[in-house]
1. Looking only at ALA137, ALA226, ALA290, which one moves most when the chain is put into a Gaussian network model with springs between Cα atoms under 10 Å?
2. What length, rounded to one decimal in nm, is gained on full extension from ALA255 through to ALA236, with 0.36 nm per residue of separation minus their alpha-carbon distance?
3. Around VAL183, which amide H atoms from residues at least 5 apart in sequence, or from another chain, sit under 5 Å from its own amide H, with H modelled in the peptide plane?
4. Cut-off is 10 Å between beta-carbons; in what order do LYS165, LYS70, LYS287 appear when sorted fewest neighbours first?
5. Along the range 130-138, what does the Karplus equation 6.51 cos²θ - 1.76 cosθ + 1.60 (θ = phi - 60°) give for ³J(HN,Hα), rounded to whole Hz, x for Gly and Pro?
6. Take the range 204-291, compute every pairwise Cα distance, and split them into 10 Å bins from 0; I just need the percent in each bin.
7. Any idea how far apart ARG188 and ALA44 come out in nm if each label point goes 7 Å out from Cα toward Cβ?
8. How high is the relative contact order of the range 204-291, in percent, with contacts defined as C-alpha pairs under 8 Å that are six or more residues apart?
Amino acid sequence: MTSEVLAVQVESAAKAAGLMVVSSETGEKYSGGATTKFVLALAAEPAKTQLLELSEGFEFGRADLMDGVKAYLAESAKRLKNPRPDCYLTLHGLPLSFGKFGWPFHESTSGADTSLVHGEVNLEDGGESLLHAKIAASMTVTFRDIVAAPEQPFAEGFIYNAVRKTMDQGQLELVKSGNRQPVPVTTRYYSTKQKLFIFNDTSAEQRKQFLAGKLYWLSGVLGGGAPVWVLDPRDAQYLNTTLDELGRSAEALAADGLLGLAKETGYAVPTAKLMERREAYQAELAKTLASIKPEFNEDMRGGLTNM
């Protein structure tokens, strides 16, 4: 009965956001207990889908939680119009796809007072790259009090941004195979005074370059030139800026002849002039990949040092 009520509530909220529930099935929490997995699609483009996973006992009727889910679904409807809704760019030029996340958070089994969510990020360079990172994002008990609920709609955005930030810092390695790598999520990512998440202090020029790179990779390389949402609140959070500032960055790129504004407000496409920068973007990608690759002391590996 609980899952049936949740299904009706999700279907109603999805419809209001311009989405529809394609299917649903029972899932299982990492630490035990049931979840419900909903496959959502754009009502206007049913081929565009995403997964929403909620605990079976999720309190959808709570006003604060209901508002949070509605906001999440409204954003999802806009993001699903992207050619690759699962892809994001890092400040250092890495195009990544996010997937295989098992929601909600589960408690650590190692005795640590943290909550965890597992997932995977993959390098998306337009080829058949096998490079990826299995991650375990850990949320401290102090940070947990900030989050309305340890569920996907309330945590997905800042977890993805924490992964991007950790990748920027060279603390995650993209490999062909390997164990889970930690992504700590602590109160250093949150301002209690401003009640805002904080990841990167960026300048107007950095935001402009970020948007240009996003259009190059997500539209030009991965999306066949289809429009990309340039006013994504997740990017605004990641760049410590506002949607208005992102809008001004897009206008500056348009004035430089690097992007074309799409018919729908908030979306843009790269111009031929931007796509001519292929060598520069490939060089940036190679440089970043090299910077996050662990370095070894060759003398020590060869046994030439005193221990």
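Each reported figure results from applying straightforward, stated rules to the coordinates on display, with no laboratory input. What you are looking at is a predicted structure, and each value in this text was computed from that prediction instead of being measured. Positions of Cβ are backbone-derived with ideal geometry, glycine not excepted, and every protein chain shown enters the neighbour counts.
1. ALA290
2. Residue separation times 0.36 nm, minus the Cα-Cα distance, leaves 4.7 nm.
3. Sorted by chain and number, the residues that satisfy this are ALA136, ALA137, SER138.
4. Fewest-to-most ranking of LYS165, LYS70, LYS287: LYS287, LYS70, LYS165.
5. Once θ is set to phi - 60°, the couplings for the range 130-138 become 9, 6, 7, 9, 7, 10, 10, 7, 10 Hz.
6. All Cα pairs, binned at 10 Å, distribute as 18, 52, 28, 2 percent.
7. It is 4.2 nm.
8. Computed value for the range 204-291: 32 percent relative contact order.
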